[in-house]
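Written out below as structure tokens is the structure these notes cover.
The values are calculated or read from the model by the stated rules, or taken from the named source; none is laboratory data. If you're wondering where the values come from, they're calculated on a predicted model, not measured in any experiment. Backbone-built Cβ (ideal geometry, glycine too); neighbour counts: all protein chains shown.
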């Protein structure tokens with residue numbers, strides 16, 4: 001926008017003072033309020049500020065759910081997350097940000113034309129403004145001890161910042177040890193015209209690696225109207241190892257014919273990755289200027305060794321895969337006041353180059369040596385107007401030109417696909433007495449990940465293979481969302497209709513082997529979602545609760561001619577209770593429930609319950625030291641039993657995850673200066689798909 005964040009904050013506060021006058025002094029603003037088509041939850045000054053880290057906090061924000069590994073907006077999926085206007089490039093950064101530093105969180109569940117057409121939800125985090133110059137130091141030490149399987153995951157951060165005369169220089173180093181365990185039972189059925197194959201038995205997976213992220217940058221606040229900055233993240237990944245074991249009985253037409261044992265070890269290496277951002281944010285008269293330029297480079301090499309034994313014969317299979325990716329992106333947003341509102345216009349350009357290679361010592365499966373090029377050039381404009389008591393409205397249009405080239409030298413497979421698409425958006429908000437209401441419409445798309453478009457056939461077992469599909473079309477989704485807010489209650493309802501939805505389906509190959517591939521659904525896919533959130537506070541007790549329903553609707557004709565419906569809803573209930581006591585003590589009782597339900601042709605028949613207990617204490621006179629202890633997944637009910645119907649191939653999988661943990665954290669801060677970095681980043685959709 002045309003004004004800086006400081007000017008916006010001042011104008012908004014003065015406006016509230018003029019409207020509410022003495023009521024502002026005596027009253028208390030609700031934790032969550034509606035502003036346009038965004039729900040803004042106040043964090044500063046509420047018990048939410050003592051939630052620990054930002055990822056723990058976001059689970060409690062109305063309209064959000066998920067776990068420590070993945071955050072979601074209910075009914076919309078995984079959102080883009082901004083921190084002070086800067087696009088987050090590393091989800092681990094949420095673990096390094098303390099909740100007490102956050103001013104408010106804004107959830108946009110139907111974003112406008114300014115955002116990439118693939119974005120279904122946006123979360124904007126704003127931290128508290130800090131005053132003064134000088135040196136600051138942040139130290140964080142955390143350990144998660146698994147209480148069921150006995151392993152632990154330590155992590156720690158050291159961050160420094162120096163500010164003087166409007167210039168920030170900052171740096172940090174963050175270490176994270178990942179150790180993940182999954183224990184499952186797996187049943188696979190392949191139905192052919194002549195026979196039925198069945199594999200049934202336990203499946204286990206272990207995955208661990210170490211990461212160090214180094215961050216450094218500088219920001220110069222030239223004046224209230226101009227700021228520039230540059231930031232670099234170096235990502236070091238080492239000791240990556242993934243081990244998968246299948247131990248299955250094999251049946252043909254209900255008669256046991258074999259016992260299959262497969263031990264697959266993947267060793268993964270990643271040369272030093274880099275992500276850089278440079279930005280300018282300022283004004284020229286009434287014209288607001290926001291410019292960001294990004295560069296990203298990643299590489300992954302995997303050596304895969306599979307030892308497969310059976311009663312019939314033994315196989316020793318070696319395969320290798322590798323990816324190299326580069327991204328160049330730039331985004332320019334201009335804003336100018338027009339009549340009773342503001343006009344925003346700009347462009348976003350993303351250029352991705354990726355190389356995929358795959359080799360296997362099995363002649364029946366072809367190798368891959370593919371180059372992928374994707375260019376996306378977008379232009380957008382959006383106008384928002386305030387009609388006073390009649391409400392406010394906005395209308396926008398985004399144009400995206402995408403050029404996709406896929407060239408596999410080994411398979412002589414070449415695809416050249418240019419696309420030109422337009423994505424309209426519109427919204428209207430109004431106050432109806434004490435009720436705030438907002439209605440938003442948008443046309444969105446979902447582009448398949450580069451992994452999903454990779455035609456390379458991956459060997460799973462002698463009865464099943466997996467591959468991507470370079471012929472996949474983009475998914476197109478129409479979204480209509482209604483938001484309502486009254487005091488400490490908020491409600492959101494959405495209807496989404498998708499065409500060319502992407503899922504997985506099976507095809508028969510020679511010797512009755514099932515090949516599972518990504519496909520576009522021929523039938524439209526509808527999804528309805530509704531949730532209500534409550535944030536009451538009585539004395540020392542406060543509650544952040546959300547209850548919602550996701551209702552899909554999909555009908556498909558299967559290979560045998562049957563007409564199958566996939567429409568069972570999923571219910572979500574989250575209740576976060578906080579007791580705030582004197583002398584820096586706080587206790588949390590957190591409950592998260594997600595029922596069984598369907599997602600396209602996949603069905604989860606397990607009711608997941610996660611109960612967590614947290615105790616926290618602040619120490620020292622300036623409260624600069626915080627100790628936090630939590631027991632997570634107390635009931636050990638965090639799992640998923642998934643059934644997938646993919647035509648010829650069906651799969652039942654029960655999963656138990658390692659989430660029953662003792663979580664210990666220590667936070668210490670010396671001084672309070674904090675970076676004012678305002679870069680927003682560009683090409684986020686392509687960045688996420690490069691990681692897929």
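Which one of these does residue 94 not meet: (1) in contact (Cβ under 8 Å) with a residue 60 or more places away in the chain; (2) over 29 Å from residue 428 (Cα atoms); (3) not in a loop (DSSP other than H, G, I, E, B)? Single failed check for residue 94: (1).
Does residue 96 satisfy the criteria of being within 28 Å of residue 443 (Cα to Cα) and crowded, with 20+ Cβ neighbours inside 10 Å? So residue 96 does not fit the description; no.
Checking 117, 113, 141, 121 one by one, the residue that is out of contact with any helix residue (DSSP H, G or I) (no Cβ under 7 Å at 6 or more places or on another chain) and surrounded by fewer than 20 Cβ atoms within 10 Å (Cβ to Cβ) is 141 and no other. Considering only residues in segment 629-676 that are on the phi > 0 side of the Ramachandran plot and modelled with pLDDT under 90, the one that is nearest to the chain's Cα centre (by Cα) turns out to be 647.
Among the criteria (1) surrounded by fewer than 17 Cβ atoms within 10 Å (Cβ to Cβ); (2) more than 20 Å from residue 472 (Cα to Cα); (3) within 25 Å of the chain's Cα centre (by Cα), the one residue 401 does not fulfil is (2).
Just give me the residues in segment 437-453 being assigned to a strand (DSSP E or B) and surrounded by 20 or more Cβ atoms within 10 Å (Cβ to Cβ), in sequence order.
Taking segment 437-453 first, the residues assigned to a strand (DSSP E or B) are 437-446.
Of everything in segment 437-453, those that are assigned to a strand (DSSP E or B) and surrounded by 20 or more Cβ atoms within 10 Å (Cβ to Cβ) turn out to be 438, 440, 442, 444, 445.
Residues that are outside any strand (DSSP E or B), exposed (fewer than 15 other Cβ atoms within 10 Å of the Cβ) and over 26 Å from the mean Cα position of the chain (by Cα): does segment 202-216 have at least one? No, segment 202-216 contains no residue that is outside any strand (DSSP E or B), exposed (fewer than 15 other Cβ atoms within 10 Å of the Cβ) and over 26 Å from the mean Cα position of the chain (by Cα). With respect to the conditions (1) closer than 30 Å to residue 192 by Cβ; (2) assigned to a strand (DSSP E or B), residue 511 lacks only one, and its number is (2). Given the structure, is residue 379 modelled with pLDDT of 95 or more, under 26 Å from the mean Cα position of the chain (by Cα), in a strand (DSSP E or B) and farther than 27 Å from residue 524 by Cβ? Here the answer is yes, as residue 379 does meet what is asked.
Sort through 595, 506, 498, 533 and tell me the only one that's surrounded by 19 or more Cβ atoms within 10 Å (Cβ to Cβ) and modelled with pLDDT of 95 or more. Steps first, please.
Details: 595 fails: surrounded by 19 or more Cβ atoms within 10 Å (Cβ to Cβ); 506 fails: modelled with pLDDT of 95 or more; 533 fails: modelled with pLDDT of 95 or more.
Being surrounded by 19 or more Cβ atoms within 10 Å (Cβ to Cβ) and modelled with pLDDT of 95 or more holds for just one of 595, 506, 498, 533, which is 498.
Taking segment 603-617, which residues are surrounded by 16 or more Cβ atoms within 10 Å (Cβ to Cβ) and either in contact (Cβ under 8 Å) with a residue 40 or more places away in the chain or within 22 Å of residue 538 (Cα to Cα) (or both)?
603, 606, 610, 612, 614, 616
Of the residues making up segment 559-579, those that are over 30 Å from residue 648 (Cβ atoms) and surrounded by 18 or more Cβ atoms within 10 Å (Cβ to Cβ) are 572, 574, 576, 578.
Residue 46 falls short on exactly one of the conditions (1) surrounded by fewer than 22 Cβ atoms within 10 Å (Cβ to Cβ); (2) at pLDDT below 85, and that condition is (2). Of all residues in segment 356-365, those that are surrounded by 15 or more Cβ atoms within 10 Å (Cβ to Cβ) and either part of a strand (DSSP E or B) or touching a helix residue (DSSP H, G or I) at 6+ places or on another chain (Cβ under 9 Å) (or both) total 5. Got at least one residue in segment 491-507 being out of contact with any strand residue (DSSP E or B) (no Cβ under 6 Å at 6 or more places or on another chain) and either assigned to a strand (DSSP E or B) or more than 30 Å from residue 43 (Cα to Cα) (or both)? Yes, there is a match, as at least one residue in segment 491-507 is out of contact with any strand residue (DSSP E or B) (no Cβ under 6 Å at 6 or more places or on another chain) and either assigned to a strand (DSSP E or B) or more than 30 Å from residue 43 (Cα to Cα) (or both). Residue count for segment 388-419 satisfying the condition of being modelled with pLDDT under 95 and either touching a strand residue (DSSP E or B) at 6+ places or on another chain (Cβ under 6 Å) or not in a strand (DSSP E or B) (or both): 19. Please verify whether residue 317 is surrounded by 15 or more Cβ atoms within 10 Å (Cβ to Cβ) and in a loop (DSSP other than H, G, I, E, B), treating the condition exactly as stated. It is false that residue 317 is surrounded by 15 or more Cβ atoms within 10 Å (Cβ to Cβ) and in a loop (DSSP other than H, G, I, E, B). Of all the listed residues (301, 277), the sole one being part of a strand (DSSP E or B), crowded, with 18+ Cβ neighbours inside 10 Å and in contact (Cβ under 8 Å) with a residue 24 or more places away in the chain is 277. I need the full set of residues from segment 54-84 which are in contact with a strand residue (DSSP E or B) (Cβ under 7 Å, 6 or more places away or on another chain), over 20 Å from residue 633 (Cβ atoms) and assigned to a loop (DSSP other than H, G, I, E, B), in order please. Hits for segment 54-84 are 61, 62, 63, 74, 75, 78, 79, 84.
Of the residues 344, 374, which single one is crowded, with 18+ Cβ neighbours inside 10 Å and at pLDDT 95 or above?
On the way: 374 fails: at pLDDT 95 or above.
On inspection, the qualifying residue turns out to be 344.
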